[in-house]
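The values are calculated or read from the model by the stated rules, or taken from the named source; none is laboratory data. Please read these numbers as outputs of a predicted model, since none were measured by experiment. So basically every Cβ, Gly included, is an ideal-geometry build from the backbone, and we count neighbours across all protein chains shown. We work out accessible area using only protein heavy atoms, side chains counted, and drop any ligands, DNA or RNA first. Shrake-Rupley method; radii C 1.70, N 1.55, O 1.52, S 1.80 Å.
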Amino acid sequence: MMCNKAEIELYLSSLGSKSIVRISRDCNQFSWAPGCQSGWACSTPEDNSFENPVLSRAENCRPCCPGFFCPRGLTCMMPCPLGAYCPLGTLNKTTNLCDPYSYQITPGSNQTCGSADSWADVITTNDVFCPPGHHCPTTTQKLNCSKGSYCRKGATGENKCRWKSKCKENSEKEEIALFGGILIVVLIVILLLVYNCSDQFIAVRAKILSKSRKKAAKIAQESATARKRWKLAKELVLRHEVEMYDSSAAPEELATSSDGILHADKGNGKRSKNCRKLNVRTERFRRAYSQIDKERALQLDKDKLTLSGIVSRAAENRPQRPMLEVAFKGLTLSIGKKKLLQCVTGKLSPGRITAIMGPSGAGKTTFLNAVLGKTSGYKKDGLVLVNGKSGSMQSYKKIIGFVPQDDIVHGNLTVEENLWFSGRCRLSKSMSKADKVLILERVIGSLGLQEIRNSLVGTVEKRGISGGQRKRVNVGIEMVMEPSLLILDEPTTGLDSASSQQLLRALRHEASQGVNVCAVIHQPSYTLFNMFDDFVLLARGGLIAYHGPISEVENYFSGLGIKVPDRENPPDYYIDILEGIAKTKMRGHATPKHLPLLWILHNGYEVPEDMRKDLEEINMMHELYTVGSITRELSSVEQTESKDSVHQNVSQRNDLLNRKTPGVLAQYRYYLGRVAKQRLR
Ligand SMILES: Nc1ncnc2c1ncn2[C@@H]1O[C@H](COP(=O)(O)OP(=O)(O)OP(=O)(O)O)[C@@H](O)[C@H]1O
């Protein structure tokens, strides 16, 4: 009575089709054996193997055995699968259907109910599966699900309920309300604890950090003192003031470590033990402070260096920092018919700080946008060359820092946290944490933020550091990413003279590393003005009136007959001249509106079409060329010298332009950490 392969295939092929197409040889309109009915099967007299096709079965027809199912239209039976419950059906006299199955026996026949009539998926043949709240170890056995366990539909065994979840007898699923409730309460308690103790936690952490820092600073100081003593002793020996080097007189407590730093004495076991015990954090700070000390010593003779010296020193000391030179050739930016920048030619060089000045609306911000490569939306003519090659500035964005006029600080983080977050996200991911700490300490030191490093920056509601300090933190945020080109929009606005000078000193330090620094400034003091290397003076309409070294600016303008009166600040006076506020008598027939044209002539650039008519007005070309050639000669020596070294340096470093900053996931992790800190404050 068992179905063979062909019959099983016939059954399976009919699954899923809406009309029941399974028909065996004995189940058709001409012959309908009793086994064709649902829940019945017959046997065959022939000795058929399992491989045979659909057979003729019309003998010995009987109800389907328990644990098997016999579909309508097939005269054989198949075993019910595990998880099914196929007992013998019982006739329901009211409906005349075989329970729990839904088939009918032929009315008036002497047939009885067999077992199941079909099997497929749980939805189509719901009644064949072991019911929920029970488990069926075999296809003919149905047991109640015991207390403390649950049984889903079709279960062959019991599932134990979890701790604290309630399960009565015959449970279909676990009752986890209590368990879930306890879990939620525990989470809430943890969150409340974290929220309430976060301040203390952050304070303790800050305390530990500051302890580590102090310890490291002390060790660095001790090392420096020991180094000085050692040097002194050596000098004494060299000067023959002591006859021979007495080992007992030598600083026996000194020991030189592999990095050349002298450490605390060998004899003093306690202290060296302490040194060994220094935790990693202290060690990182110690290294940073020692390195900064060394840099300070090197800094002393920095002022004597020429530009090429600075460039080559940067090359020796900081192989990591690539250099960027940005040059413009006849750059014109316009929107519609309005020209925002016109015929800008010149360059911003690495290792130099350039001040950009001009009357309001002259195009300073537009000039910065051009340097940053943000020229989409403008009609652009001319060239922007990066390291002598035309290309998009966007590809260098990882090594370009931009300090906008508005704040970019996070008010509810401390100064140090703000800088650390920026550094972590924007420095190369391959850089070690110790190196990142060194950069952070360097920036904190050079911007004079040591005192306020643990202070909250503050928001409108919660007062924090002062406005000037905030400005310096803004700059620091960009400095910690070790940019090669640092652009600042009015960094000194709102700062007093001392703070402005401190900021400029920090920028000078950056420039000494080969960074190309470019800043828009307003009304700098004379001292501050002289701390810049180059000067770009923009006239209205985005025209250059001067672009060159600060040291030559007065020379240039006096050559044109513009002499700065006593007690006047030169940059302010030149802007007043451009604006027509200050009156002056210029050479020849020239007037202040001709200053951009004079600059073009002075440099021998091509005069734009719309300026040509002004040429006749001024009538002093011969004199201008004379002035031009003098100043050009003056600068040519240094310019040529620097050009070669810069370009050599730049071409060597091109491979370093691909800084790999942390990926999206890492940045997201830092971001979450920052938000958590901000929220918890
Ligand atoms: N997107 C723009 N659409 C139209 N005009 C613009 C646009 N951007 C700038 N300008 C115009 O270009 C000129 C230069 O603007 P820019 O902002 O560069 O001047 P600025 O020198 O930075 O001025 P300020 O010192 O006042 O900030 C202005 O006359 C300004 O109105």
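Calculate the radius of gyration of the Cα atoms of segment 326-657 to one decimal place, then report Dmax, the largest Cα-Cα distance, as a whole number, both in Å.
Both quantities, over Cα of segment 326-657: 20.8, 64 Å.
Just need the relative contact order of segment 326-657 here, percent rounded to a whole number, with Cα pairs under 8 Å and 6+ apart.
Values: 532 pairs, mean separation 69.9, N = 332.
It rounds to 21 percent for segment 326-657.
Per the Kirkwood formula on distinct C-alpha pairs, the Rh of segment 444-572 is how many angstrom?
Values: mean 1/r = 0.0612 Å⁻¹.
In segment 444-572 this quantity evaluates to 16.3 Å.
Multiplying the sequence separation of L178 and K160 by 0.36 nm and subtracting their Cα-Cα distance, what value in nm do you get? It would help to have the intermediate numbers written out before the result.
Details: separation 18, 0.36 × 18 = 6.48 nm, distance 1.63 nm.
Extra length from L178 to K160 when fully extended: 4.9 nm.
Counting only DSSP beta bridges with both residues in segment 326-657, what percent are antiparallel, rounded to the nearest 5?
Details: 23 of 41 bridges.
That works out to approximately 55 percent antiparallel.
Along Cα→Cβ, 7 Å out, is where each label goes; now give me the distance between the ones at E554 and V204 in nm to one decimal.
6.2 nm
Please give, to one decimal in nm, the separation of the simple spin-label points placed at K214 and E169, each 7 Å out from Cα toward the Cβ.
7.2 nm
Which value, in Å², gives the accessible area per residue of segment 68-147 when a 1.4 Å probe is used on the protein heavy atoms? Display every interim value, and only then the final one.
Values: 3820 Å² over 80 residues.
Roughly 48 Å² per residue, with all protein chains present.
Considering only protein heavy atoms and a probe of 1.4 Å, how much of the accessible area of segment 83-158 is carbon and sulfur, as a whole percent? Before the final figure, lay out the partial values.
On the way: 2050 of 3830 Å².
Here carbon and sulfur together make up 54 percent of the probe-accessible area.
Describe numerically, in nm with one decimal, the distance between label points set 7 Å from Cα along Cα→Cβ at K585 and at L187.
In this crude label model, K585 to L187 measures out at 8.6 nm.
Report the gain in length on full extension from K294 to T493: 0.36 nm times residue separation, minus Cα-Cα distance, nm rounded to one decimal.
Values: separation 199, 0.36 × 199 = 71.64 nm, distance 3.29 nm.
Working it through step by step, the gained length comes to 68.3 nm.
Using 0.36 nm per residue of separation minus the Cα-Cα distance, give me the extension gain between L672 and L232 in nm, one decimal. Numbers along the way, then the final one.
Details: separation 440, 0.36 × 440 = 158.40 nm, distance 5.23 nm.
Net length gain for the segment: 153.2 nm.
To the nearest 10 Å², what's Y573's accessible area with a 1.4 Å probe?
Solvent-accessible area, nearest 10 Å²: 10 Å².
If I take every Cα pair under 8 Å that is 6 or more residues apart in segment 61-140, average their sequence separation and divide by the length, what percent do I get for the relative contact order? Could the numbers behind the result be given before it?
Numbers: 140 pairs, mean separation 30.5, N = 80.
Rounded, it is 38 percent for segment 61-140.
Remind me, what semi-axes does segment 89-199 give for its equivalent ellipsoid, largest first in whole Å, using sqrt of 5 times each Cα gyration tensor eigenvalue? Walk me through the intermediate numbers first.
Working: eigenvalues 468, 35, 23 Å².
Here the semi-axes work out to 48, 13, 11 Å.
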